[in-house]
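What follows is calculated from the coordinates using simple rules that are stated; it is not laboratory data. Note that the structure is predicted; figures quoted are calculated from it, not measured. Cβ atoms come from the backbone with ideal geometry, glycine included; neighbour counts cover every protein chain shown.
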Amino acid sequence: MAECSALIPESNLQLYNECMDPRIAEGVLLFNSGKYFEAHEALEEVWLGAVGEEKIFLHGLIQVAAAFH
């Protein structure tokens, strides 16, 4: 896997593909497109199977998406 910071100048899609679970990338792309409910749903699916700090992080993202919805 390439170093994530080296990919920042390139397309966001490549950054997501290299550095992120594709299901989380989908949620981020939906959020950035203003589709907050859909982002919430996509991220919640990942959150249900997550543990530890990843679960806490995803919970925060889901709450932000819900707040914008």
Segment R23-I56, length gained on full extension (0.36 nm per residue, minus Cα span): 10.2 nm
Please list 21-31, 56-66 highest first by mean number of surrounding beta-carbon atoms within 10 Å per residue. 21-31, 56-66
For the stretch 42-55, 3J(HN,Hα) per residue [Karplus equation, 6.51 cos²θ - 1.76 cosθ + 1.60, θ = phi - 60°, Hz, x = Gly/Pro]: 5, 6, 4, 4, 6, 4, 4, x, 7, 9, x, 5, 4, 5
What length, rounded to one decimal in nm, is gained on full extension from E44 through to N32, with 0.36 nm per residue of separation minus their alpha-carbon distance? 2.7 nm
